[in-house]
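Every number here is computed from the coordinates shown, using simple stated rules; none is lab data. These numbers were taken from a predicted model, which means no experiment stands behind them. Virtual Cβ from ideal backbone geometry, glycine too; neighbours counted across all protein chains shown.
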Amino acid sequence: MVYLRQRRLDEAVASFNEALRKHRAAGLLVGEAHTLKDLGEAQRETGAVPAARASLTRAHQLFEQVGERAEAAEAAALLASLAGEDG
């Protein structure tokens with residue numbers, strides 16, 4: 001998140017992808033979902049709207065699967081905010 005806040009977007013995406021690999025390898029669904037949400041936000045900022053949609057959609061699915069309703073709603077809101085962006 002630090003890279004994202006600092007607008008160091010390429011480093012943010014790389015960091016989130018590395019974290020995503022680790023969460024998946026460990027089978028940590030909640031960590032995967034949070035990382036996908038953050039990755040989606042970074043992808044959006046880089047203009048990679050289709051990738052952001054894919055990341056946020058998967059994050060939403062995982063949050064729903066593990067019962068994290070508030071996080072699922074946040075991911076859904078982020079997805080809805082992409083509606084006007086064509087990427």
**Request:** Work out how much length Ala83 to Arg69 would gain on full extension: take 0.36 nm times their residue separation and subtract the Cα-Cα distance, in nm to one decimal.
**Result:** 2.9 nm
**Asked** Tell me, what is the percent relative contact order of the chain, built from C-alpha pairs under 8 Å that lie six or more residues apart?
**Response** 24
**Complete:** Binned at 10 Å starting from 0, the alpha-carbon pair-distance distribution of the chain in whole percents comes out as 21, 51, 28, 1
**Asked** Taking θ as phi - 60°, what are the ³J(HN,Hα) couplings along segment 39-52 by the Karplus curve (6.51, -1.76, 1.60), each to the nearest whole Hz, with x for Gly and Pro?
**Response** 4, x, 5, 5, 4, 4, 5, 7, x, 8, 5, x, 5, 4
**Message:** Could you give each residue of segment 64-75 its phi-based ³J(HN,Hα) in whole Hz, using Karplus coefficients 6.51, -1.76, 1.60 with θ = phi - 60°, and x for Gly or Pro?
**Reply:** 4, 4, 9, x, 8, 5, 5, 5, 4, 5, 5, 4
**Item:** Magnitude of the charge dipole, segment 2-81, Cβ model with Lys/Arg +1 and Asp/Glu -1, debye to 20
**Value:** 120
